[in-house]
Amino acid sequence: GAARELGSFVPAAALFDLGRGGDFHARPGPDEGAEAVRNAGVDVAQGNVGAGTGALNASLRGGLGTASATLPGGAVVGVVAALNAVGPSVDFDTGLPFAARLGLPGEFPEPGGDDLDAARAAASGHVPPFTDAPPFNTVIGVVVTNARVPDLFRVANAAQDGLALAVRPAHGLTDGDTVFAASTGTHDAAADDVLTAARVVFARALVHGLLRAESVTTPWGRLTAYRDLYPRTAATYGGS
């Protein structure tokens with residue numbers, strides 16, 4: 001009986017994107033959760049989908065991103081995260097995502113020469129978004145592994161560290177960041193390796209959310225995507 005009762009509870013979260021268009025009362029519930037399970041597959045859509053539909057990252061368009069890493073012995077750490085933070089994830093001095101340096105070989109090629117100059121030129125004309133009344137935001141995500149870990153809370157906490165690698169500043173007073181962690185427990189792996197992977201993979205997923213997002217115009221205003229502000233750099237990173 002106790003097991004059946006516990007099994008009836010499914011943790012969930014919805015990011016704060018109210019006021020950017022649409023219906024204030026349009027919030028996900030059990031029906032949307034069941035539909036998501038039915039539509040689940042191997043390929044994960046990114047950008048302006050799911051939790052990324054109304055996402056905003058500082059003054060740029062946010063989005064849904066995913067990334068993974070394979071550890072020695074075959075354990076895998078995967079993340080799906082929605083970039084919807086008050087703080088920026090782009091260095092306005094260079095025009096480059098903070099966490100792009102954490103990518104796997106070839107995942108986020110380093111722009112050089114004219115591409116880097118173009119990003120810097122675009123960044124010099126872009127005003128950082130901080131105002132006296134920043135919008136309320138929430139980064140949500142899930143980190144999942146098949147590794148046996150003694151404490152899933154630490155895995156979720158490590159993913160929060162990854163958020164701070166991708167967004168600067170992170171965890172502000174108007175952010176409501178939430179990360180879930182889950183494990184199938186089928187593979188052996190060093191706990192520290194899992195925690196390190198959780199940090200890096202979460203940060204990489206947020207970069208993908210930034211690069212895959214597309215600009216939209218809503219009743220709230222124009223949400224401009226990274227790919228439109230820095231088109232040459234986005235193309236170099238594979239975001240277009």
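The values are calculated or read from the model by the stated rules, or taken from the named source; none is laboratory data. It should be emphasised that the depicted structure is a prediction, and the values quoted were computed from it without experimental measurement. When we count neighbours, we look across all protein chains shown, and the Cβ atoms used for this are built from the backbone with ideal geometry, even at glycine. Note: areas computed on protein heavy atoms with side chains; ligands, DNA, RNA excluded. Shrake-Rupley method; radii C 1.70, N 1.55, O 1.52, S 1.80 Å.
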Inset, instruction - Return only the number of the condition from (1) part of a loop (DSSP other than H, G, I, E, B); (2) modelled with pLDDT of 90 or more; (3) of a type in the set (A, V, I, L, M, F, W, C); (4) under 16 Å from Arg168 (Cα atoms) that Val127 does not satisfy. - result: (2)
Legend entry - Subset of the range 91-113 [among the aliphatic types (A, V, I, L, M), outside any loop (DSSP other than H, G, I, E, B) and at pLDDT 90 or above]: Ala99, Ala100, Leu102
Legend entry - Qualifying residue in the range 80-97 (condition: of a type in the set (Phe, Trp, Tyr) and buried (at least 20 other Cβ atoms within 10 Å of the Cβ)): no
Legend entry - Residue under evaluation Pro150, criteria (1) touching a helix residue (DSSP H, G or I) at 6+ places or on another chain (Cβ under 7 Å); (2) buried (at least 16 other Cβ atoms within 10 Å of the Cβ), criterion not met: (2)
Inset, instruction - Could you list all residues from the range 49-70 that are open to solvent by 20 Å² or more (accessible area, probe 1.4 Å) and modelled with pLDDT under 95? - result: Val49, Gly50, Ala51, Thr53, Ser59
Legend entry - Filtered residues of the range 165-207 (kept if surrounded by fewer than 17 Cβ atoms within 10 Å (Cβ to Cβ) and of a type in the set (S, T, N, Q)): Thr174, Thr184, Thr186
Legend entry - Cross-chain or 6+ apart pairs with Cβ under 9 Å, the range 58-70 first and under 15 Å from Val201 (Cβ atoms) and without any contact (Cβ under 8 Å) to a residue 40 or more places away in the chain, then in a strand (DSSP E or B) and of a type outside the set (S, T, N, Q): Thr70/Val76; Thr70/Val77
Inset, instruction - Check the range 213-227 and report whether any residue there is open to solvent by less than 10 Å² (accessible area, probe 1.4 Å), of a type in the set (A, V, I, L, M, F, W, C) and out of contact with any Ser or Thr (no Cβ under 9 Å at 6 or more places or on another chain). - result: yes
Inset, instruction - Give, as residue ranges, the strands (runs of 3 or more DSSP E) completely inside the range 132-240 that count at least 1 residues that are under 12 Å from the mean Cα position of the chain (by Cα) and touching a residue at least 12 places away in the same chain (Cβ under 8 Å). - result: 140-147, 178-187
